[in-house]
Amino acid sequence: QVQLVESGGGLAQPGGSLRLSCAASGIIFDINRMGWYRQAPGKQRELVAAITTDGSTNYADSVKGRFTISSNNAKNTVYMEMNSLKPEDTAIYYCNARLRVVRMAAYADYWGQGTQVNVSS
């Protein structure tokens, strides 16, 4: 069984910062990619940022220059530093990991339970 445990999030003022962390644990053969998605009320879940195990990153245009994703492969952990936060960043943020549980398995997506981020004055 695979678990993704998120931490961080909470309330921030516009222009403020927050840091999210997510650790994957359980039966994991290898991880291809980890990242963060978010879902605001009434909207579809969207990719915020992702990082592969070789360090390649991908960001949504709306967060480029403000959010930074990083990882610790040895700890199966991903982080996201969120700066210059805006009210429109308010959403539930979900950790995602694309991984294999055994060598012969296909890569599959696993999700955390989500952490709320509220940006408001």
Scan (1) touching a Gly at 6+ places or on another chain (Cβ under 9 Å); (2) closer than 15 Å to residue 109 by Cα for the single condition residue 76 breaks and write down its number. (1)
In region 24-61, what count of residues is obtained for those that are among the small types (Gly, Ala, Ser) and crowded, with 19+ Cβ neighbours inside 10 Å? 4
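For region 90-105, which residues satisfy the criterion of being open to solvent by less than 80 Å² (accessible area, probe 1.4 Å) and aliphatic (A, V, I, L, M)?
Scanning region 90-105 gives 91, 92, 97, 99, 101, 102, 105.
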Report, ordered by the first and then the second residue, all pairs with beta carbons closer than 9 Å, sequence separation of six or more or different chains, a first member in region 17-43 that is more than 23 Å from residue 118 (Cβ to Cβ) and of a type in the set (Phe, Trp, Tyr), and a second member that is modelled with pLDDT of 95 or more and open to solvent by less than 30 Å² (accessible area, probe 1.4 Å). 29/99
Tell me which of these residue 67 doesn't satisfy, since it passes every other one: (1) without any contact (Cβ under 8 Å) to a residue 60 or more places away in the chain; (2) surrounded by 19 or more Cβ atoms within 10 Å (Cβ to Cβ); (3) closer than 15 Å to residue 5 by Cα. (3)
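The values are calculated or read from the model by the stated rules, or taken from the named source; none is laboratory data. On a predicted model such as this, the values are computed, not experimentally measured, just so you know. Ideal geometry is used to build each Cβ from the backbone, glycine not excepted, and the neighbour counts take in all protein chains shown. Surface accessibility is based on the protein's heavy atoms, side chains included, excluding ligands, DNA and RNA. Shrake-Rupley method; radii C 1.70, N 1.55, O 1.52, S 1.80 Å.
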